[in-house]
Amino acid sequence: MIRKISGRIVTHEREFDGTVEWDPSTGWISSVREGLEFDVTEEQTKEEVWFDPNQAVIFPGFGDIHIHAREDESGKHTYKEDFLSASAAAVNGGVVHVADMPNNPIPPVDKDSYSKKRKLADRSPIHITLYAGIGPNTKPLSESVPYKVFMGPSIGELFFHNNQTLEDTIRNYAGQNISFHCEDPEILEKHQDEKFHEDRRPAEAETMATDFALYLIEKYNLRGKLCHYSTGDGLNKIKAAKQRGVKITCEVTPTHLFFDKSMLTPENRLWFQMNPPLREKEDRKRMLQGVKEGWIDYLATDHAPHSIEEKQKGTSGISQLDTYSLFVTWLILDAGVDRKTIAKICSKNPGDFVNEYLPPKYGKGFGRIEPGYSANFTVLNLKQPKTFLKEEIKSKSGWSPFENFTFPGSIEAVFFLGNRIK
């Protein structure tokens, strides 16, 4: 029997009151029509679900293409997170697919290590795309996968000490889809003795690395993505590159849109330690403006779960996956981001990023409400505020920077392949 969802639908192109049908045997959308075909006064069944268009908004299912699920064949870091707990945190945050980074104890850098990690990820109830790692002397895999390169030291050992060794490796990856963690290793070394974390990883480390990443992307015809971007000056470089036709996209995290250095205190400083660190208030405002103007392509959390004990000792990384969609309600209702822009940076663009790597069972893939695509929906209630509580966290990390914060909206429902999972 065909199943339906009806209500206010928002895509990256338009908003409309409509009805979506899908085939439950495949989980693929079969039709999208204008108009509400039933209303709240009618009894809802398993086959027909109605959401009040005066309260709720139906988006294509959200995707977070930058998380750290921590699991690999070694099992050394699964006390922080694993694929099942990361999936639970994702669903809790209204997210139906994620992409996991490769800086594991045994990084996925070749066919064997990548396939072993793939088998672990395939146990998850939602889909997890896996990046392969690029490190000194690695080579591309035979299968099509996205790649991640750490230009300077971060968490893990998969990084380069200087630009020359980086380029010597990148030349082997011509034409590939590569995401860059932009922090210049020589600048980091120069500032390593500064008192505060944000001074040890200054803004110039990101902007200098951006110059070199853009050089590599152009020279080797890469499909480049700059991760967790944080500086206004660097964003200007990205704008200029896009305007001259460079194949470049960029992410921003909720952290860098909501918090800045002016908010740091002796009590919270360690909790907000991450790479890249918090920037100036002006950088935060410019990143938010970049979202509104369409220069930023993805809202991606860089979900980096560490235990409470590790955070108290100064480990870098912030747990954010549980609050993804709640933060989206803040973007819409408090920050004034257009809802079609949300559909673009949370649904359409993340879907476009992963679709070429998906197995056939997902049809045309994720990120759109169109026939042939997976029936994935994130439904937000924009009239019902929500206070996020510590006990609601699904991540193994057990903490969130948004504990006890009241968001202006809430999550109404989440569907994956047509099945309601929240």
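The values are calculated or read from the model by the stated rules, or taken from the named source; none is laboratory data. None of the values given here were measured: they were computed from a predicted structure. FYI the Cβ positions are ideal-geometry reconstructions off the backbone, even for glycines, and counts take in every protein chain you see. Just the protein is used for accessible areas: all its heavy atoms, side chains included, with ligands, DNA and RNA removed. Shrake-Rupley method; radii C 1.70, N 1.55, O 1.52, S 1.80 Å.
Rounded to a whole number of µm²/s, how large is the Stokes-Einstein D of the stretch 64-204 at 37 °C and 0.692 mPa s, given Rh as the Kirkwood radius over C-alpha pairs?
Reported coefficient: 205 µm²/s.
Assigning unit charges at the beta carbon (Lys, Arg +1; Asp, Glu -1) and nothing else, what dipole magnitude in debye, to the nearest 20, does the chain show about its Cα centre?
For the chain, the charge dipole is close to 400 debye.
Loop only per DSSP, at most 10 neighbouring Cβ atoms within 10 Å: give me the trypsin sites (Lys or Arg not before Pro) in the stretch 296-357, ordered by residue number.
Lys313
Quick one: net charge around Arg14, please, counting Lys, Arg +1 and Asp, Glu -1 for every other residue with C-beta under 15 Å from its C-beta.
Spelling it out: positives minus negatives among the neighbours equals +1.
Would you mind computing Rg(Cα) / (2.2 N^0.38 Å) for the stretch 263-315, counting N as its residues? Intermediate results must be reported in sequence, preceding the final value.
Working: Rg = 13.7 Å, N = 53, 2.2 N^0.38 = 9.9 Å.
Here the answer is 1.38, to two decimals.
Would you mind giving the average projected area, over all directions, of the Cα convex hull of the stretch 225-382 in nm² with one decimal? Provide the component values of the computation, followed by the final result.
Numbers: hull surface 43.3 nm².
The orientation-averaged projected area of the Cα hull of the stretch 225-382 comes to 10.8 nm².
In cubic angstrom, how much convex hull volume per residue do the alpha carbon atoms of the stretch 1-148 span?
148 Å³
Mean residue ellipticity at 222 nm from the helices of the chain, using -39,500 (n - 2.57) per DSSP H segment of n ≥ 4 over the full residue count, to the nearest 500 deg cm²/dmol?
The per-residue figure over the chain is -7500 deg cm²/dmol.
In whole percent, how big is the carbon plus sulfur part of the accessible area of the stretch 311-404, probe 1.4 Å, protein atoms only?
44 percent
Using a Gaussian network model of the chain with C-alpha springs under 10 Å, which one of Asp168, Asp82, Asp184 is most mobile by mean-square fluctuation?
Among Asp168, Asp82, Asp184, the largest mean-square fluctuation in the Gaussian network model of the chain belongs to Asp168.
Roll a 1.4 angstrom probe over the protein heavy atoms and tell me the percent of accessible area of the stretch 1-144 that is carbon or sulfur. Numbers along the way, then the final one.
Working: 2790 of 5760 Å².
With neighbouring chains kept in place, the figure for the stretch 1-144 is 48 percent.
On C-alpha positions alone, give me the angle between the axis of helix 324-333 and the longest principal axis of the chain, in degrees, nearest 10.
80 degrees
To the nearest 20 debye, what charge dipole does the stretch 72-119 have about its Cα centre, counting +1 at the Cβ of each Lys and Arg and -1 at the Cβ of each Asp and Glu?
Numbers: 7 positive and 7 negative charges, 16 e Å.
Its charge dipole is roughly 80 debye.
Positive end of the charge dipole of the stretch 382-422 (Lys, Arg +1 and Asp, Glu -1 on Cβ, about the Cα centre): tell me which of Ile393, Asn404, Ile421 has its Cα farthest that way.
Most positive-ward Cα: Ile421.
Residues of the stretch 290-422: accessible area per residue at 1.4 Å, in Å²?
Each residue of the stretch 290-422 exposes 35 Å² on average to a 1.4 Å probe.
Using alpha carbons only, what's the Rg to Rh ratio of the stretch 292-422 with Rh from Kirkwood?
With Rh from the inverse mean 1/r over Cα pairs, Rg/Rh is 0.99.
How many angstrom lie between the C-alpha centres of the stretch 261-338 and the stretch 5-40?
Taking the Cα centre of each part, the stretch 261-338 and the stretch 5-40 sit 32 Å apart.
Among Thr265, Thr323, Thr301, determine the one that fluctuates most according to a GNM of the chain built with springs between C-alpha atoms less than 10 Å apart.
Of Thr265, Thr323, Thr301, the Gaussian network model singles out Thr265 as fluctuating most.
Pull up all non-local amide H partners of Ile318: gap of 5 or more, or a different chain, and H-to-H distance under 5 Å with H placed in the peptide plane.
Distant-sequence amide H within range of Ile318: Ala304.
Considering Cα pairs under 8 angstrom that are at least six residues apart, work out the relative contact order of the chain and quote it in whole percent.
Relative contact order, the chain: 20 percent.
What does the charge add up to near Phe272, with Lys and Arg as +1, Asp and Glu as -1, over the other residues with Cβ less than 12 Å from its Cβ?
Here the charged neighbours net out to +1.
Can you tally the net charge around Val98? Count Lys and Arg as +1, Asp and Glu as -1, for every other residue whose Cβ sits under 12 Å from the Cβ of Val98.
-4
From the P(r) of the stretch 192-258, could you give the percentage of C-alpha pairs in the tail past 14 Å?
61 percent
In terms of Cα to Cα distance under 18 Å, which lysines are near enough to Lys364, apart from those fewer than 8 places away along the same chain?
By straight Cα distance, Lys364 reaches Lys344, Lys348.
Using modelled backbone amide H atoms (1.01 Å from N, in-plane), which distant-in-sequence or interchain residues come within less than 5 Å of Phe407's amide H?
Lys386, Thr387, Phe388
Residues of the stretch 1-145: accessible area per residue at 1.4 Å, in Å²? Please list the in-between numbers first.
Details: 5760 Å² over 145 residues.
It amounts to 40 Å² per residue over the stretch 1-145.
Most fluctuating residue of Glu183, Glu370, Glu13 in a GNM of the chain with Cα springs under 10 Å: which is it?
Glu13
Let's test the formula: R0 of 41 Å, r as the Cβ-Cβ distance of Glu370 and Glu267. What FRET efficiency results, to the nearest 0.05?
0.30
Over the stretch 258-375, what relative contact order in percent results from Cα pairs under 8 Å that are six or more residues apart? All intermediate terms of the calculation are to be shown ahead of the outcome.
On the way: 118 pairs, mean separation 24.3, N = 118.
Reported relative contact order: 21 percent.
May I ask you to derive the FRET efficiency for Glu391 and Gln164 from their Cβ-Cβ distance with R0 = 35 Å, giving the value to the nearest 0.05?
In this case the efficiency is close to 0.10.
Work from the charge dipole of the stretch 38-153 (Cβ charges, +1 for Lys and Arg, -1 for Asp and Glu, about the Cα centre) and give the residue of Ile128, Phe62, Pro146 farthest towards its positive end.
Pro146
Write down the accessible area per residue of the stretch 178-262 in Å², having rolled a 1.4 Å probe over the full set of protein chains.
38 Å²
Pairing the Cα long axis of helix 203-219 with the longest principal axis of the chain, what angle in degrees results, from 0 to 90 and rounded to the nearest 10?
80 degrees
Counting Lys and Arg as +1 and Asp and Glu as -1, each charge on the Cβ, what is the dipole of the stretch 194-330 about the Cα centre in debye, to the nearest 20?
420 debye
If you line up the long axis of helix 232-243 against the longest principal axis of the chain, both from Cα atoms, how many degrees apart are they, to the nearest 10?
The helix 232-243 is inclined about 70 degrees to the chain.
What share of all Cα pairs of the chain, in percent, falls into each consecutive 20 Å distance bin?
Histogram of Cα-Cα distances, whole percents per bin: 28, 59, 13, 0.
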